[in-house]
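The numbers here are math on the coordinates, done by the rules we state, and not lab data. Remember, predicted model here, so these are calculated numbers, not experimental data. Counting neighbours? That spans all protein chains shown, and the Cβs are built from the backbone with ideal geometry, glycine included.
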Number of protein chains: 2
Amino acid sequence: MNKKINIAVVGLGQIGIYLLNELSKKKRDIELKTGKKINIVAISAKNINKKRKFKINKKIFYKNPINIIKKCKVDILFEAIGLSDGISKKIVEISLKNKIHVITPNKALIAKHGDYLSSLAEKNKVNLEFEASVAGGIPILRTIKEGLATNKINKVYGILNGTCNYILSEMEKSRETFLNVLRKAQKLGYAEPSNPKLDLNGYDAFAKIRILSSLSFNKKISKSKCLMEGIENIEFKDVDIANQLNYRIKLLGITELINNKLFERVHPCMVKKDSYIGNVSGVMNAIIVNGHPVGESILQGEGAGPGATSSALMSDLLSILRGNIKYPFGIPSKKRKITKIYNVSNYFNSLYLRFEVRDKPGVLSQITKSLAQKNISVERLIQIPDHKSKTASIVIITHKSNENDAQNCLKSFKSNKNVLKRPTLIRLL
Amino acid sequence: MNKKINIAVVGLGQIGIYLLNELSKKKRDIELKTGKKINIVAISAKNINKKRKFKINKKIFYKNPINIIKKCKVDILFEAIGLSDGISKKIVEISLKNKIHVITPNKALIAKHGDYLSSLAEKNKVNLEFEASVAGGIPILRTIKEGLATNKINKVYGILNGTCNYILSEMEKSRETFLNVLRKAQKLGYAEPSNPKLDLNGYDAFAKIRILSSLSFNKKISKSKCLMEGIENIEFKDVDIANQLNYRIKLLGITELINNKLFERVHPCMVKKDSYIGNVSGVMNAIIVNGHPVGESILQGEGAGPGATSSALMSDLLSILRGNIKYPFGIPSKKRKITKIYNVSNYFNSLYLRFEVRDKPGVLSQITKSLAQKNISVERLIQIPDHKSKTASIVIITHKSNENDAQNCLKSFKSNKNVLKRPTLIRLL
């Protein structure tokens, strides 16, 4: 690699523009640490005139990023557009084919096309770096690929979506409904103002779990969706009852190998209030890695926002500048195998169930009888009456039960007129 | 670097022997990840016949490690003897001069001779890696050097000594004295059986803080000792009172730049029970890094033991095998400056003070008067009488006070016959 390095930044939204500013502010620091002089030779975005936090150099602006590759000599390109396909995929693909290193925070792209793009990078002997795609400010990918390189990892889990964690924490704190808190999150910039769905339904966390799995277990990125549930159906009532039972509700992403089969899942979890993960609140992200021989490692930090994301993008840049050419997923693409997928219906777990029922004799016995028939045994049961409406909430914590049996059992209450709505199911950690 | 890499391991204690076993177990994994074939060509220890957990190959055994350099072609040498000088320093020095990469978990050596040895490594264009020297299982040095590479770090602190953290946690849990718990720790292998002093007096944590400072702030390793206190004088009474006040006592290492002056310290701290750091218990280590733009990053994991240490040593090995030649302290030695040292007497902090006094009229007023004269103002005061012995404990939490004034004030009670022993001072975080 020459001493002078040409850099292009494609996508000048919140992250792209912050990065651009960091790059010019830290030129000297980068030269000190790597001996390389960086030079920003091209930038690209849809709209040249959009109002931005920092000024851009319009002389190096390209409306179509593909033209950058045609007209400039670029060594390293940052993709910060953020689509899973379309122009994001195209510019990364063309760059790698032209032996340009690529750095991206784009989890949707990597979770969907990471296998293909990494083999393309390997073929062209350039780096494809995506530290910022999972838990922005936490250098978790580098930690798995390098810091814990020779450990045998069997489980990785944590809080991977700051938006959901903020909403759940805030519901408990302010005792408000999901929708009210969501609106607050949108005002504060913690949730997308127009379409927050991908955060709330677990999709965002699932993309990150896929990337974590393939790095931790040296496997291809999985395509199947074992279990994905978001927080849209979490009611304040559940947050409140959890609180009384000494639990908190957290949206967790979990990936583990069970008998060499991959079990990836994202869903709300009841976690103990005095556990580590129960105390990670607000927009924070946290990841726990179980490996041998290292034991349990915990990493916590800001998961999103331009500052944390830029920190990760810059660490990727420095890694490339130091000449640390690596397999994007830690081992050669050809050696990464397809994993068998764990059958969710084999999954046993303790469950929190909440039934809203008419408060009249015999209802409780109907419920407990149905549960018993499916071998779901009750560890703890609380009935909370609402005298005004002559209804009651029946909350049950079960012993370890089969996921499938539990789901079938809950469905069976559909025809029971005393059960007023679909029962709520939240898994315990 | 050739495809075949010759490795020597010097020092076959708990760590060296575990490492040796890991190296042979993970040969294939290492080749997969780096393309390099490792070969253990030499091992060395004082005693060839000592009883060890894993068998050694006596054919490659050297009593004197210096002979390894003379007789073998070695690419990478592990130093796992652990002295700050003597043969540890000698073998590292000779190896670097002979263009052999060195990996070591030896914090005493690095904290004392790191500046010299790193410039030697740079001169000879080889790596000197010491990830395992700080918080074994936590890849904190790599995180600061690489993962958070371009962040401006202003403070790093945490629990850096697992022995002390175990003792303090266990004192609270089992309600036993320091000495009883120390004995338990020695039995469990958490504390040195013969001489646990270097753990207990803060020396071990201080060496780690020095390494963290120089990496975080890009400075030479400091030689001065701002503030070092261990846990030897922590009584169960303090642990118990802390508990009642909703605090816990933790031995913390803290390094920060205050007006560009370096303030390094290791001392017991009163931390809030519901804080993150207040909930790190047992032999765990935890480190908190404040940086810009990344915000606050937290890393937690096993701090010691052969498994965690080997994990770090192996990550250093893979870094070298990937050809990641780096400045040992992140930037060239010549650019690392000597820092000015912060004057501890300028330090303001809230303090926990405990006075053991005769329970008679006027004593409390003598104490509060003396404190007032030194401008130490009381935030909270609790008097706990012991009717049997006609004594009392007076516990005071102060507002932010000057460290020097507080120390002088405490000394002034020496001549006061109503104050039965030297008052206890523990800083609040």
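Rounded to the nearest 500, the 222 nm mean residue ellipticity of chain A from helices alone is -10000 deg cm²/dmol, with -39,500 (n - 2.57) taken per DSSP H run of at least 4 residues. For the set B:K3/B:K107; A:K250/A:K272; B:K90/B:K335; A:K145/A:K208; B:K219/B:K400; A:K58/A:K97, the pairs lying more than 20 angstrom apart at their alpha carbons are B:K3/B:K107; B:K90/B:K335; B:K219/B:K400; A:K58/A:K97. The calculated P(r) of the stretch B:297-375, using every Cα pair and 10 Å bins from 0, goes 11, 19, 20, 17, 15, 13, 5, 0 in percent. Here r is the Cβ-Cβ distance between A:E93 and A:K125 and R0 is 22 Å; the resulting FRET efficiency, rounded to 0.05, is 0.90. Ordered by the number of other Cβ atoms lying within 10 Å of each residue's own Cβ, fewest first, A:T424, A:T104 fall into the sequence A:T424, A:T104. Please report the relative contact order for the stretch B:145-206, taking Cα pairs under 8 Å with a sequence separation of at least 6, and give it as a percent rounded to a whole number. Dividing the mean separation by the residue count of the stretch B:145-206 yields 31 percent. When both the stretch A:378-418 and the stretch A:2-66 are represented by their alpha-carbon centers, they are found 56 Å apart.
For A:F78, the amide hydrogen comes within under 5 Å of the amide hydrogens of A:A8, A:V9, A:V10, A:I103, counting only partners 5 or more places away or on other chains and with H modelled in the peptide plane. Computed 3J(HN,Hα) for the stretch B:106-118, one whole-Hz value per residue from the Karplus formula 6.51 cos²θ - 1.76 cosθ + 1.60 where θ = phi - 60°, is 8, 5, 4, 5, 5, 5, 8, 10, x, 4, 5, 5, 5, glycine and proline marked x. Projecting label points 7 angstrom from Cα along Cα→Cβ for B:I338 and A:D386 puts them 7.3 nm apart. For A:K99, inter-copy separations between label points set 7 Å beyond Cα along the Cβ vector come to 2.7 nm, shortest first. Working ranking of peptides B:105-111, B:240-246 by packing, defined as the average number of other Cβ atoms within 10 Å per residue, highest first, is B:105-111, B:240-246.
Take each residue of peptide B:320-333, count the partner chain Cβ atoms within 10 Å of its Cβ, and average: the result is 3. Proximity of backbone amide H atoms, modeled 1.01 Å from N, is registered between A:E379 and A:I397, A:T398, A:H399 at under 5 Å, excluding neighbours fewer than 5 places apart on the same chain.
Our coupling estimate for the stretch B:361-369, obtained by passing each phi through the Karplus curve with A = 6.51, B = -1.76, C = 1.60 and θ = phi - 60°, is x, x, 5, 4, 5, 4, 5, 5, 5 Hz, Gly and Pro reported as x. How would the stretch B:61-133 be classified by its alpha-carbon gyration tensor: rounded, prolate or oblate, with rounded meaning a/c under 1.5 and the a/b versus b/c comparison settling the rest? Cα axes put the stretch B:61-133 in the oblate bin.
The calculated FRET efficiency for the pair A:K46 and A:K273, based on their C-beta separation and a Förster distance of 45 Å, comes to about 0.50. With the label put 7 angstrom out from Cα along the Cα-to-Cβ vector, A:K187 ends up 5.9 nm from the copy partners, going from closest to farthest.
The order of B:H267, A:H387, going from fewest to most other C-beta atoms within 10 Å of their C-beta, is A:H387, B:H267.
In terms of the Cα gyration tensor, with a ≥ b ≥ c the square roots of its eigenvalues, is chain A rounded because a/c is under 1.5, prolate because a/b exceeds b/c, or oblate? Judged from the Cα gyration tensor, chain A comes out prolate (a/c at least 1.5, a/b above b/c).
Note on the stretch B:1-142: Cα-Cα pairs beyond 19 Å make up 50% of the total pair count. Shielding by partners for peptide A:138-144, expressed as the average number of C-beta atoms from other protein chains within 10 Å of each residue's C-beta, is 5. Okay, which of the stretch A:239-273 sit inside 20 Å, backbone N to the point 7 Å along the Cα-Cβ direction of A:N346? Of the residues in the stretch A:239-273, A:254-266 have backbone N under 20 Å from the label point off A:N346. Note on chain B: antiparallel DSSP beta bridges, both residues inside, total approximately 70 percent of the bridges counted. Extension gain, B:K152 to B:N404, is 87.7 nm, computed as 0.36 nm per intervening residue step minus the present C-alpha separation. Per residue of peptide B:28-38, the mean number of Cβ atoms on other chains within 10 Å of the residue Cβ is 3.
Computed over the stretch A:208-285, the alpha-carbon pair-distance distribution with 5 angstrom bins reads 3, 14, 21, 21, 17, 13, 8, 3, 0, each value a whole percent.
Counting only DSSP beta bridges with both residues in the protein assembly as shown, the antiparallel share comes to about 70 percent. Shape verdict for the stretch A:346-428, please, from the Cα gyration tensor: rounded (a/c under 1.5), prolate (a/b greater than b/c) or oblate. Note, shape of the stretch A:346-428 comes out prolate. Computed across the stretch A:248-311, the Kirkwood radius stands at 13.6 Å (inverse of mean 1/r, all Cα pairs).
Taking Cα atoms only, the orientation of helix A:86-97 departs from the longest principal axis of chain A by about 50 degrees.
Proximity of backbone amide H atoms, modeled 1.01 Å from N, is registered between B:A304 and B:G137 at under 5 Å, excluding neighbours fewer than 5 places apart on the same chain. The relative contact order of chain B, computed from alpha carbon pairs under 8 Å that lie at least 6 residues apart in sequence, is 15 percent. For the stretch B:95-245, the Kirkwood hydrodynamic radius comes to 17.2 Å, computed from all pairs of different C-alpha atoms.
The distance from the alpha carbon centre of the stretch B:205-248 to that of the stretch B:120-160 is 19 Å, rounded to a whole number.
Counting only Cα atoms, the protein assembly as shown measures 81, 73, 62 Å along its principal axes, largest extent leading.
Each of A:K250, B:K340, B:K417 was scored by other Cβ atoms within 10 Å of its Cβ. Arranged with the fewest first, they read B:K417, B:K340, A:K250. Model label points for A:E235 and B:Q244, set 7 angstrom from Cα along the Cα-to-Cβ axis, are 4.5 nm apart.
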